[in-house]
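The values are calculated or read from the model by the stated rules, or taken from the named source; none is laboratory data. Source: prediction; values computed, not measured. In this analysis, Cβ positions are derived from the backbone assuming ideal geometry, glycine residues included, and neighbour counts consider all displayed protein chains.
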Amino acid sequence: MVYDAIQDGVYAAITSGGFSSEPWILAYIVTAMLSSLAFLYLPKKLDVPQKFGIIHFFIVVWSGLMYTNFLNGSVLSDFAWYMDWMVSTPLILLALGLTAFHGADTRRYDLLGALLGLEFTLVITGLLAQLQGSIYPYYIGVILLLGVVYLLAGPFRRIAEESSEGLARAYKLLAGYIGIFFLSYPTVWYISSIDALPGGLNILGPTQTSIALVVLPFFCKQVYGFLDMYLIHTAE
Amino acid sequence: MVYDAIQDGVYAAITSGGFSSEPWILAYIVTAMLSSLAFLYLPKKLDVPQKFGIIHFFIVVWSGLMYTNFLNGSVLSDFAWYMDWMVSTPLILLALGLTAFHGADTRRYDLLGALLGLEFTLVITGLLAQLQGSIYPYYIGVILLLGVVYLLAGPFRRIAEESSEGLARAYKLLAGYIGIFFLSYPTVWYISSIDALPGGLNILGPTQTSIALVVLPFFCKQVYGFLDMYLIHTAE
Amino acid sequence: MVYDAIQDGVYAAITSGGFSSEPWILAYIVTAMLSSLAFLYLPKKLDVPQKFGIIHFFIVVWSGLMYTNFLNGSVLSDFAWYMDWMVSTPLILLALGLTAFHGADTRRYDLLGALLGLEFTLVITGLLAQLQGSIYPYYIGVILLLGVVYLLAGPFRRIAEESSEGLARAYKLLAGYIGIFFLSYPTVWYISSIDALPGGLNILGPTQTSIALVVLPFFCKQVYGFLDMYLIHTAE
């Protein structure tokens, strides 16, 4: 019964109707792998610490690898989003937190741990909601996401403001960018019809949902990596 | 065959007979979520480092989320205890280790890694014993647990004794408290009849086992968080 | 369908034909557990930092535990290699990286993170290739492995050369040893016939493959631990 639910799940919904989202997914994987090479090369070129290149490299490589589960069906296909997000979204926030610390005297590693832990746990709430067929874990996840937004808008912003004006501005731009995109994920989830989330509004069809879940991450991963390194470069 | 075993497994045993442990599980989740809010608020109030509040927050939030798998059956329900423990019990020992380090000059991060690694690995031995239907991994897990107890009673106690007398006493109380509870987990497992552990003694019924596995964690998570922060507060 | 594939998978292939690799697997587990005790004892005896003993302890204990899945069939049996490698091989490289740092002034934790992240991700590519029945993730994994080899042969070698001549020689010996063994893993995978990797060459039979996958790790884990500690000891 549980296994029937899986087989009628997210992957089946995405690939139904001729799998019109396949070219989008392929484009996502190819741009991820190409960006990863650029992220290894850019830090030296832009005089940005190598750690930023390494973090952005793993964000896009991991995410691209997980999207291959949408091309070739596997037991992971219905959970590939969570497998992607549980690694890549904490890394996105790690890059953002280290951007705030860059040039600042304060290094609040307890808050950095809280930020990454909240993000990891909220991804798991999405997985639990889908597996249990219950919307309650999703609600807890939304509360945890508000905690992420609070940390970015409050304590981390104050740390970034300790360093130069240019770096503080770079942080605020990146935090606003990521904050808005991260808030749109649960929104897409909620208005989708892919049965991942029971009680969803069924406004987007499966193909539209899967395209949204290619376009959003493209801006949060591929584009974000270039933006982060470029803004640190120009701020210094 | 493997999958039949799962469907006749822990979750089915718990929910059989009218699921009389449901109110206990619900109470566990509600107290976990309420404690989590208190743990974010208390550090400032009690003048305790914020990192303790953050660690205790994640212990109860993670544990509460995993217990939702006992309310709504999912493919994770038979493994929800391990999913809970593999994150929450290393965090419990992280809080204890940092309590020992608090005020001491020595910071043995190699021993802290050993402590958390032993705990994580011993949780996995429970999962292996259940999945393989073999008691041997359980025996290895008991040996690893003795290693945890040794580290708490030996090296970490000596580190705690470097700091003030009050903090050393606080550490010893907490380490004794956690040590006794952690030793009672494999005992409950061994005398239970939920087929999670082959070769168990069948003294406790499934409902009694699941109640024991609500009461024990309640003292190791919700109560422990308050106790840890209160004892650090009064010791300083 | 997915689950049939699992039941006809790696574990079935290994155990077919009277399971002639069972004594090899048993020997692997027993030597792993015995070595683990030696690794806890040797650092004091050899005047090597305790952290090396702790890391080598977890490498062999974790690996030995995962091999129990080949003795008692479980849902993990087809994936036990990945479950082993995703923890033990990053730890092998952690020991190697810390050997390079030992005595050197430079501590490039960003490169250490990259090394461990590459290794973890390449283990996952093997899992994806097997689950998806597609060889493309395997190719990406080989590229990531070349990244591991580059880091060992380039940046980490240069860091090791900062310290004494003896330690630099010890590092180069260990890095060459691990580099050659790690390169032989995907080779064995590719010439095996256990259907784990679609497009494999079918040169080795299942029993030969599983023996190869006992002999290779034995040198990378049990033997490597002694070698690492002995070489650090004699170099000082």
* **In segment A:25-57, residue farthest from B:Ser74 (Cα to Cα) [restricted to those that are out of contact with any Phe, Trp or Tyr (no Cβ under 9 Å at 6 or more places or on another chain) and within 11 Å of chain C (Cβ to nearest Cβ)]** => A:Pro49
* Asked: Mind checking whether some residue in segment C:97-120 is over 18 Å from C:Tyr224 (Cβ atoms), more than 14 Å from chain B (Cβ to nearest Cβ), in contact with a Phe, Trp or Tyr (Cβ under 7 Å, 6 or more places away or on another chain) and among the small types (Gly, Ala, Ser)?
  -> yes
* To do: Inspect all residues belonging to segment A:165-178 and state whether any of them is of a type in the set (Asp, Glu) and over 26 Å from A:Met86 (Cβ atoms).
  => yes
* To do: Check B:Leu34 against each of (1) hydrophobic (A, V, I, L, M, F, W, C); (2) touching a residue at least 24 places away in the same chain (Cβ under 8 Å); (3) surrounded by fewer than 22 Cβ atoms within 10 Å (Cβ to Cβ) and name the one condition it does not meet.
  => (2)
* To do: May I ask you to list pairs of residues, at least six apart or on different chains, whose Cβ atoms are under 6 Å apart, with the first in segment B:64-84 being at the interface with another protein chain (Cβ under 7 Å from one of its Cβ atoms) and free of Cβ contacts under 8 Å to residues at least 60 places away in the same chain and the second being assigned to a helix (DSSP H, G or I) and among the polar types (S, T, N, Q)?
  => B:Asn69/B:Ser77; B:Asn72/A:Gln132; B:Ser74/A:Gln132; B:Leu76/B:Asn69
* **Qualifying residue in segment B:227-236 (condition: assigned to a helix (DSSP H, G or I) and among the acidic types (Asp, Glu))** => yes
* segment B:131-140 - residue that is buried (at least 19 other Cβ atoms within 10 Å of the Cβ) and either more than 9 Å from every other protein chain (Cβ to nearest Cβ) or among the hydrophobic types (A, V, I, L, M, F, W, C) (or both) and, of those, nearest to the chain's Cα centre (by Cα) -> B:Tyr138
* To do: Report the residue count in segment A:121-130 for those that are under 26 Å from A:Ile29 (Cα atoms) and either touching a residue at least 60 places away in the same chain (Cβ under 8 Å) or more than 12 Å from every other protein chain (Cβ to nearest Cβ) (or both).
  => 2
* In segment B:103-120, how many residues are among the small types (Gly, Ala, Ser) and without any contact (Cβ under 8 Å) to a residue 40 or more places away in the chain? -> 3
* For segment C:93-102, which residues satisfy the criterion of being surrounded by 19 or more Cβ atoms within 10 Å (Cβ to Cβ) and in contact (Cβ under 8 Å) with a residue 40 or more places away in the chain? -> C:Leu93, C:Ala95, C:Leu96, C:Gly97, C:Thr99, C:Ala100, C:Phe101, C:His102
* Asked: Could you say whether any residue in segment B:161-171 is within 13 Å of chain C (Cβ to nearest Cβ), part of a helix (DSSP H, G or I) and at pLDDT 95 or above?
  -> no
